[in-house]
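Working notes for the structure below.
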Amino acid sequence: MASVTEENYLKALFNLQDDKGQVSMSDLSGALQVSSPTSNSMIKNLHAQGFVKYEKYKPIKLTKKGAKKAALIVRKHRLTEMFLVEQMGFGWEEVHDVAEQIEHIQSQRFFDRMDELLGSPTLDPHGSPIPDKKGNVVQRELLVLTECKPGTTVRLSALKSTPEELLLYLDGRDIRIGTRLKLLSVESFDNSVHVSYGSRQNEVLSQKVAENLLVQAVS
């Protein structure tokens, strides 16, 4: 059984891996806010347990065993976030820290019951995929809002990152997962975007915000 710290490292590797499944030690240390020697020591430990592939000065990769373990930790986290929103009335900006604690519960029956009560959701409140019971993840082909052309109508499907400040910002502008946005124009000076949605006819979103919105085109 992995310790809480080991589970946090595996989850971080899952979330940080690039298209090749690789994570740099510096990125890992930064995400977990620990020193390089500390993360290096833990990665050597995870390597000894068969969870990661590690060679000095090379990127870290999850093994098949490690990838499944990490995905199941992420599953517990995202299921919990969904349960807190759907069943307990939490805001999507409130659930991360609570889920961080609950994800380390080892009772599989607990999370199976949570999944059953929710109707086996495939996405969490922020649009991120929930791995299935075997650790499989279905990824969707999504566009960043800034990649879309003016005149395109899209649906907000997920967020690239979910800091509380961003979620509160979107709350204040009535933007949720599922909101249909029409991209009106992009400012050449600062790449801010003008969008319309609902009763809002010309809302301006900064480049920083727009780059966090993952969308799908709609007809």
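The values are calculated or read from the model by the stated rules, or taken from the named source; none is laboratory data. Since the model is a prediction, treat every value here as computed from it, not as a measurement. When we count neighbours, we look across all protein chains shown, and the Cβ atoms used for this are built from the backbone with ideal geometry, even at glycine. These accessible areas exclude ligands, DNA and RNA; they are computed on the full protein's heavy atoms, side chains included. Shrake-Rupley method; radii C 1.70, N 1.55, O 1.52, S 1.80 Å.
Some observations on this one:
- Residue that is farthest from Leu143 (Cα to Cα) [pool: residues in segment 196-213 that are aliphatic (A, V, I, L, M) and in contact with a helix residue (DSSP H, G or I) (Cβ under 8 Å, 6 or more places away or on another chain)]: Leu205
- Taken over segment 67-94, the residue count meeting the criterion of being farther than 22 Å from Gln106 by Cα and of a type in the set (D, E, K, R) is 3.
- With respect to the stated conditions, Ser29 fails to be open to solvent by 50 Å² or more (accessible area, probe 1.4 Å) and either at negative phi or out of contact with any Asp or Glu (no Cβ under 9 Å at 6 or more places or on another chain) (or both).
- The set of residues in segment 85-102 that are under 14 Å from Glu164 (Cβ atoms) and not small (Gly, Ala, Ser) comprises Phe90, Trp92, Glu93, Glu94, Val95, His96, Asp97, Val98, Glu100.
- Scanning segment 4-54 for residues that are touching a Leu at 6+ places or on another chain (Cβ under 9 Å), closer than 23 Å to Ser128 by Cα and in a loop (DSSP other than H, G, I, E, B) gives Gln17, Gly21, Ser24.
- Residue in segment 41-50 that is open to solvent by 50 Å² or more (accessible area, probe 1.4 Å), touching a Lys or Arg at 6+ places or on another chain (Cβ under 6 Å), over 30 Å from Tyr169 (Cα atoms) and touching a residue at least 24 places away in the same chain (Cβ under 8 Å) present: no
- Residues located in segment 164-215, provided they are closer than 16 Å to Gly151 by Cβ, among the polar types (S, T, N, Q) and surrounded by 13 or more Cβ atoms within 10 Å (Cβ to Cβ): Ser185, Ser196
- The listed residue being polar (S, T, N, Q) and open to solvent by 80 Å² or more (accessible area, probe 1.4 Å), out of Thr63, Thr122: Thr122
- Single unsatisfied condition, Phe111 versus (1) in contact with a Pro (Cβ under 9 Å, 6 or more places away or on another chain); (2) open to solvent by less than 40 Å² (accessible area, probe 1.4 Å); (3) aromatic (Phe, Trp, Tyr): (1)
- When Gln139 is tested against the conditions (1) farther than 17 Å from Glu211 by Cα; (2) among the polar types (S, T, N, Q); (3) under 15 Å from the mean Cα position of the chain (by Cα); (4) at pLDDT 95 or above, the lone failure is (4).
- Among the conditions (1) free of Cβ contacts under 8 Å to residues at least 60 places away in the same chain; (2) aliphatic (A, V, I, L, M); (3) within 26 Å of Pro125 (Cβ to Cβ), Leu10 misses just one, which is (1).
- Conditions (1) in contact (Cβ under 8 Å) with a residue 12 or more places away in the chain; (2) in a helix (DSSP H, G or I); (3) of a type in the set (Asp, Glu); (4) closer than 23 Å to Leu16 by Cβ; number of the one not met by Asp115: (4)
- Checked against (1) open to solvent by 50 Å² or more (accessible area, probe 1.4 Å); (2) under 30 Å from Val186 (Cβ atoms); (3) in a loop (DSSP other than H, G, I, E, B), Trp92 passes all but a single condition, namely (1).
- Under the condition of being within 21 Å of Arg176 (Cα to Cα) and under 15 Å from the mean Cα position of the chain (by Cα), the residues counted in segment 83-120 number 7.
- Of all residues in segment 181-209, those satisfying the criterion of being small (Gly, Ala, Ser), part of a loop (DSSP other than H, G, I, E, B) and touching an Asp or Glu at 6+ places or on another chain (Cβ under 9 Å) are Gly198, Ser199, Ser206.
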